[in-house]
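The values are calculated or read from the model by the stated rules, or taken from the named source; none is laboratory data. As the structure is a prediction and not an experimental result, all values here were calculated from the model. All Cβ positions, glycine included, derive from the backbone under ideal geometry; neighbour counts span all protein chains shown. All accessible areas refer to the heavy atoms of the entire protein, side chains included, with ligands and DNA or RNA removed. Shrake-Rupley method; radii C 1.70, N 1.55, O 1.52, S 1.80 Å.
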Amino acid sequence: MTDDLHEPLIPAPRALDVRAAKPGRVPLDEDTTLDAGPGTEGVARWLRSSLGAATGLPFAPGAGPRAIRLRVDPEVEEAYGPEGYRLSTAGSADDVAVLVAGGSAAGVFWGVQTLRQLLGPDACRRAPAGRAAWDLPGLTIEDGPRFPWRGLMLDVARHFLPKDDILRQLDLMAAHKLNVLHLHLTDDQGWRVEIERHPRLTEVGAWRARTKWGHRASPLWNETPHGGYYTHADIREIVAYAAERHITVVPEIDVPGHSQAAIAAYPELGNTDVVDTAALTVWDTWGVNPNVLAPTEATLRFYEGVFEEVLELFPSTFVHVGGDECPKDQWKESPTAQARIKKLGLADENELQSWFIRHFDRWLADRGRRLIGWDEILEGGLAPGAAVSSWRGYGGGVTAAEAGHDVVMCPEQQVYLDHRQAPGEDEPMPIGYVRTLEDVYRFEPVPPGLSPEAAAHVLGTQANVWTEVMENRSRVDYQVFPRLAAFAEVAWSALPAPGERDFAGFEHRMDTHYRRLDALGVDYRPPTGPRPWQQRPGVLGRPLEGAPPIV
């Protein structure tokens, strides 16, 4: 697609033709009905509840001449895949024909997201916009995603986000045609999912006495206790809400590192022969924690119980086990860990971590699921069947893909949205590398030089949102948007040509998209810089000593 077309859509569709449809505007009013074909009933419910709320139109069921027709079409699936769609509009005051045909119900849903954008920013509101007249341009759009995995990783362990904030985030993802929410549910600073057989994980592990304010080098603390967790009922509601929007929720239970919250709740999970684990509390600062799980049979049985409940709650094919940033110092000192290495005939502590991950790879595979982990799971040998989230640059993903393993590209240098958006001192809590809207837009998930066979193993990409410096929904909004719009186009839209993206055209389309974000109530960072109320004065508005490099 080229950006000289008439409609400012994000993500950009593959093909938009205003000449293939009858010219002029296609009106929608109280007489416009909704004709939902087999398999599209859920999409029809969403359309009535969302578009109906914004437009004030009833979209009553009906197959008359003035209808929006939703259809699953095998020909669309053959051309653009199950998430592809064809949207065409034509008509007059007496004869409206709006057709959204998808390769599956998901394709129809994504087509309806485009339909909402075509109606203008007011169609994104949660309440009637006060407009009596609505219309669509006459056009045909044919579209489908570049990648099947278009994800957002949200860290709810460092700062807990209530259930309603997660539901809102799913709505925002759906508006951008993202289809995977990776929930980082456990870490040193908090355990966020109820496990009924191990109640202390949330009774103790979900709460910390205080929280560092800012990045790990900040001298400031918020002395208010912080915590929270999702009950089984909460998770079921989140998963069902996501499924209605054709989004898969992938849970992450981090092992064997990033586990101090679990050890604080159940000290026997830690390396008790080298550390007084009974004295540990839920960690109240940031960084890489030395307290890791003990490589014992008892630990394996405990986490098998955890994963049994997780599988009951999350139907996703993939289950994320973390596997990142696991210091080996305690294992090197632990007689128990060293005995385990000797008994298993392992070479070193890296292979011990690989043994730990391989155990859960087999355990999940036996139950019809697939393990995915951060690229550290490559150390000591990659578990058969495992997929890799490549965060430390492209290297881990390239290694895994060339070895025949599936990969999700999420390198911190490009798509960590907790990193600062500009070099100025007015950025709130600036950490990491400067990654502007344009930087994210020019990110390419498939690195050059990857063989075609390996490139086929790139499932897609995701943006990662670590929340050490994001204490609430507004701060998450600020860090995530508008960069998530740029990322969504990277994940969805095919490249016009290798290495080519028209940022000037994207910026032009963003002029309209900012109004959509306003209508959705998003506290995004404006292109001119932070609003005054979004700035943080003093030390919080400057790079902190010891923080990651600001380049």
Out of (1) touching a strand residue (DSSP E or B) at 6+ places or on another chain (Cβ under 7 Å); (2) free of Cβ contacts under 8 Å to residues at least 40 places away in the same chain, the odd one out for Ala403 is which?
(1)
Just the residues that are of a type outside the set (S, T, N, Q) and open to solvent by 60 Å² or more (accessible area, probe 1.4 Å), please, taken from the range 326-338.
Asp329, Lys332, Glu333, Pro335
Could you say whether any residue in the range 425-438 is in contact with a helix residue (DSSP H, G or I) (Cβ under 6 Å, 6 or more places away or on another chain), modelled with pLDDT of 95 or more and over 28 Å from Gly345 (Cα atoms)?
yes
Which numbered condition Trp466 misses (of (1) under 16 Å from the mean Cα position of the chain (by Cα); (2) more than 23 Å from Ala217 (Cα to Cα)):
(2)
Hits in the range 95-132 (condition: under 27 Å from Pro148 (Cβ atoms) and in a loop (DSSP other than H, G, I, E, B)):
Gly103, Ser104
Consider the range 370-406. How many of its residues are open to solvent by 40 Å² or more (accessible area, probe 1.4 Å), of a type in the set (D, E, K, R) and within 17 Å of Phe318 (Cα to Cα)?
1
Output the number of residues of the range 407-451 satisfying the condition of being buried (at least 18 other Cβ atoms within 10 Å of the Cβ), of a type in the set (Asp, Glu) and not in a helix (DSSP H, G or I).
2
Listed by first then second residue, the pairs whose first member lies in the range 93-104 and is open to solvent by 10 Å² or more (accessible area, probe 1.4 Å), whose partner is at pLDDT 95 or above and of a type in the set (Lys, Arg), with beta carbons under 7 Å and at least 6 positions apart or on separate chains, are Leu99/Arg69; Leu99/Arg71
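Kindly indicate whether Arg131 is touching a residue at least 60 places away in the same chain (Cβ under 8 Å) and open to solvent by 30 Å² or more (accessible area, probe 1.4 Å). Steps first, answer last, please.
On the way: touching a residue at least 60 places away in the same chain (Cβ under 8 Å): yes; open to solvent by 30 Å² or more (accessible area, probe 1.4 Å): yes.
Judged against the criteria, Arg131 is a match.
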Number of positions in the range 272-293 that are assigned to a helix (DSSP H, G or I), of a type in the set (Ser, Thr, Tyr) and over 30 Å from Gly214 (Cβ atoms):
0
Going through Asp135, Asp155 one at a time, which residue ends up being more than 26 Å from Gln462 (Cα to Cα) and either among the charged types (D, E, K, R) or out of contact with any helix residue (DSSP H, G or I) (no Cβ under 9 Å at 6 or more places or on another chain) (or both)?
Asp135
